[in-house]
1. If you go through the stretch 61-72 one residue at a time, do you hit one that is buried (at least 19 other Cβ atoms within 10 Å of the Cβ), modelled with pLDDT of 95 or more and over 19 Å from E15 (Cα atoms)?
2. With the condition kept exactly as written, say whether any residue in the stretch 78-89 is at pLDDT below 95, buried (at least 22 other Cβ atoms within 10 Å of the Cβ) and farther than 24 Å from V179 by Cα.
3. Residues in the stretch 256-271 that are in contact with a Phe, Trp or Tyr (Cβ under 9 Å, 6 or more places away or on another chain) and either surrounded by 22 or more Cβ atoms within 10 Å (Cβ to Cβ) or acidic (D, E) (or both): how many?
4. Restricting attention to the stretch 272-307, and to residues there that are among the small types (G, A, S) and touching a helix residue (DSSP H, G or I) at 6+ places or on another chain (Cβ under 6 Å), which single residue is surrounded by the fewest Cβ atoms within 10 Å (Cβ to Cβ)?
5. In the stretch 263-286, what count of residues is obtained for those that are charged (D, E, K, R) and more than 20 Å from F228 (Cβ to Cβ)?
6. Which is β-branched (V, I, T) and within 22 Å of the chain's Cα centre (by Cα), of I285, I361, I367?
7. Against the definition (on the phi < 0 side of the Ramachandran plot, surrounded by 24 or more Cβ atoms within 10 Å (Cβ to Cβ), touching a strand residue (DSSP E or B) at 6+ places or on another chain (Cβ under 8 Å) and modelled with pLDDT of 95 or more), how does Y353 come out, yes or no?
8. Take V261 and tell me if it is under 16 Å from R196 (Cβ atoms) and either of a type in the set (D, E) or not in a strand (DSSP E or B) (or both).
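The values are calculated or read from the model by the stated rules, or taken from the named source; none is laboratory data. The model shown is predicted, which means the values in this text are computed figures rather than measured ones. Counting neighbours? That spans all protein chains shown, and the Cβs are built from the backbone with ideal geometry, glycine included.
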Amino acid sequence: MFDTQLDDAQATAVEPLAPAAFPFDAYAAHESACRARCRAFRDSGSGVLVYRRMRVAPVFSGGCRDTEKSLHGQLGGLAASLAYASDVPNFLEPWYGIGIAASAFGAEYCWNGEQAPVVRPLFSSAAEALQAPVQPVEETEIGRHTLAMIRTFLKRTEGRLPISLTDTQSPLNVAAGMVEMSRFFLDFMDDPESVRTVLDRVADVLIGFTRLQRQVIGEALVWPGHGFASCRDFRGLGVSDDMIVMVSEAMYREWAAPALVKVGRAFGGVAFHSCGDWSAKLKMIRGLDDIRMVDGAFSPETDPSPNAPDRFPEVLAHSGIVLNARIVGDPDVISEQVRRLWRPGMRLIVTTYCRTPEEQIAAYRRIHEICV
């Protein structure tokens, strides 16, 4: 069952660590060994990797506002990750909420205590959004802060640690946050051309700011980034598209998908994420151009509405698309879900959150025994 008493069911408690105390050489050796396995997986038609994600709760809430607090927390997570069996290295990320692209249209961040920031709707319709002036994200307050955060992370770690882009939302997610939501989804029927144009305009904003981040981060950059298992040797841009469940497949293909594909094409393809159970849209997503990876939750502790696993191998086996399966639970829970997700021809990354190194090694061994 989903534990409502937890602040973040996917998080691990760690001790913050200053850069001067970080074991850079040990982490470099760990990342190098992981990268060899990641490259072999990348180039294979079928296989499995295990990623023990170190998600530090304060970093993904109010703590993302404080650059030093975020950096020290994440360094603590990366150092702690060395004790857990994993095929994919953890990475730093300058996460700063989901409103960054909306800032180009005039949105400002709202902070509610220690919660993650949000933006309030700016426009009453898609047509009204088209009348708004658009500026590059890097010229907005949050854009400047995000770039400064990235540069601080790079400077304080001397560029020696892997780092991702900030959280990237799909054009649909961004637009549904900028426009009053109920009106926006009515516009899919009442004013679809305005919807299409807004989404395309958001796509251009996302491409511009992502290119700038890529330039700043340089060789330390990992893909797909944010909530995905990521590596310097992977390709494709991780995109969160939670609003997909709000529209029909026909509407999504016609008006939302072109903007998503446009963003992905600029960066080697799309790694697709949605919270909740989005499996009914899986076959449609597989059919889009340039889909490299899909992400889903597969236990009640990961998400109160997890995906049913059986549909995924039916759709994804032999497709070349990687499934990033997040499973919070003990080795028995993880093994049960992996058996349902695996079949030859799958390209599977199992993302675990085992509480102890001993639990993790048990889960790691079972996963690799199952996926042969």
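1. no
2. Within the stretch 78-89, the first condition is being at pLDDT below 95, and the residues that meet it are none.
Checking the stretch 78-89: not a single residue is at pLDDT below 95, buried (at least 22 other Cβ atoms within 10 Å of the Cβ) and farther than 24 Å from V179 by Cα.
3. Selection size over the stretch 256-271: 5.
4. Kept after step one, since they are among the small types (G, A, S), are these residues of the stretch 272-307: 274, 276, 279-280, 287, 296-297, 299, 305.
Pick out the ones that are also touching a helix residue (DSSP H, G or I) at 6+ places or on another chain (Cβ under 6 Å) and you get 274, 279, 299.
Details: S274: 24, S279: 19, S299: 21.
Of everything passing the filter in the stretch 272-307, S279 is surrounded by the fewest Cβ atoms within 10 Å (Cβ to Cβ).
5. Taking the stretch 263-286 and keeping what is charged (D, E, K, R), we get 265, 277, 281, 283, 286.
Remaining after also requiring more than 20 Å from F228 (Cβ to Cβ): 283.
Result for the stretch 263-286: 1.
6. Details: I361 fails: within 22 Å of the chain's Cα centre (by Cα); I367 fails: within 22 Å of the chain's Cα centre (by Cα).
Sole residue among the options that is β-branched (V, I, T) and within 22 Å of the chain's Cα centre (by Cα): I285.
7. Values: on the phi < 0 side of the Ramachandran plot: yes; surrounded by 24 or more Cβ atoms within 10 Å (Cβ to Cβ): yes; touching a strand residue (DSSP E or B) at 6+ places or on another chain (Cβ under 8 Å): yes; modelled with pLDDT of 95 or more: yes.
When the stated conditions are applied, Y353 passes them.
8. Values: under 16 Å from R196 (Cβ atoms): yes; either of a type in the set (D, E) or not in a strand (DSSP E or B) (or both): yes.
Against the criterion (under 16 Å from R196 (Cβ atoms) and either of a type in the set (D, E) or not in a strand (DSSP E or B) (or both)), V261 qualifies.
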